[in-house]
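Scroll down for the structure; my scribbles are underneath it.
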Amino acid sequence: MLKPNQKSESSKKNQVEKMFDSISFEYDLLNGIMTFNSHKRWKKNILDIAKKLKPKNALDIATGTADIAINLGSISNCKVVGVDISEQMLSVGREKISKNKLDEMVSLETGDAENLNFKDGYFDLVTIGFGVRNFQDLEKGLKESYRVLNDTGTLVILETSVPENIIMKFFYSLFTRTYIPIMASIFSKDKSAYNYLLNSAEAFPSGIRFSNILKSVGFENVIVKPKLFGSSTIYIATK
Ligand SMILES: C[S@@+](CC[C@H](N)C(=O)[O-])C[C@H]1O[C@@H](n2cnc3c(N)ncnc32)[C@H](O)[C@@H]1O
């Protein structure tokens with residue numbers, strides 16, 4: 001079974017890829033049900049941050065079904081590339097891009113966050129939505145984001161987190177241990193995927209701990225913006 005902190009190279013990455021391949025068609029529906037559609041608002045928050053930066057080249061890592069890449073495609077004169085290890089998630093994303101008539105501005109490629117196929121300093125914006133906690137080697141993935149950003153580039157990460165307030169934490173645990181498994185058992189054909197997603201959310205070093213990891217790989221000016229009582233967090237950092 002896939003474990004959040006699994007280190008062996010072939011196993012975790014391959015299993016993550018297979019898991020997202022298997023849930024690709026239900027991913028958008030379940031994401032909406034499990035976050036009460038809040039994920040759309042948080043992704044819109046990323047777009048608002050991005051617009052102010054006026055990027056010309058943006059990379060959305062772990063793009064999945066491409067919600068963030070599609071949002072970024074609305075920024076004028078901004079070319080967006082989305083990469084993901086799951087071909088099936090990308091295939092759902094490509095259909096959405098076509099429906100939104102964004103094929104000229106947004107392209108999707110198979111690619112690994114930990115070995116990006118782009119030259120140093122190519123992008124002025126890198127975004128990662130609900131992706132970093134799935135990386136095999138978190139620091140390696142963040143170093144790659146750092147490498148492909150130009151000297152004035154910005155990284156924006158959206159990731160699940162556990163509320164720090166003890167009362168909110170109690171309700172968060174209650175919610176994630178009851179509502180999410182029930183919804184997964186009704187709507188998903190792969191319940192173990194949602195167990196992994198829950199366990200990895202709890203195991204992930206969020207808030208100040210993640211901010212320190214960003215600083216340790218070289219990022220500066222790290223801003224931490226908790227969302228919905230700290231159940232998700234947006235991190236903004238510059239190179
Ligand atoms: C929870 S989904 C997030 C999708 C999308 N960004 C969103 O916000 O809805 C996580 C995605 O990360 C991808 N992923 C996991 N590890 C990756 C890696 N090393 N490189 C690229 N993508 C990866 C998975 O295939 C999956 O599509």
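No value in this document is a laboratory result; all are computed from the given coordinates. Keep in mind it's a predicted model, so treat the numbers as computed, not measured. Methodologically, a virtual Cβ is constructed for each residue, glycine included, from the backbone with ideal geometry; neighbour enumeration extends over all protein chains shown.
Give me the strands (runs of 3 or more DSSP E) completely within region 1-114, filtered to those with at least 3 residues that are within 9 Å of the ligand (Cβ to nearest atom), ordered by residue number.
Details: elements: 57-61, 79-84, 106-110.
The strands (runs of 3 or more DSSP E) meeting that bar are 79-84.
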Restricting to region 122-134, count the residues that are within 6 Å of the ligand (Cβ to nearest atom) and touching a strand residue (DSSP E or B) at 6+ places or on another chain (Cβ under 9 Å). 3
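Residues are listed down the side, and each one gets a yes or a no for (1) surrounded by 21 or more Cβ atoms within 10 Å (Cβ to Cβ); (2) more than 17 Å from the chain's Cα centre (by Cα); (3) not small (Gly, Ala, Ser):
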| position | (1), (2), (3) |
| --- | --- |
| Asp21 | no, no, yes |
| Ile33 | no, yes, yes |
| Lys44 | no, no, yes |
| Lys56 | no, yes, yes |
| Leu59 | yes, no, yes |
| Ile68 | yes, no, yes |
| Lys99 | no, yes, yes |
Within the bounds of region 141-148, is there any residue that is of a type outside the set (D, E, K, R), more than 11 Å from the ligand (Cβ to nearest atom) and more than 14 Å from the chain's Cα centre (by Cα)? yes
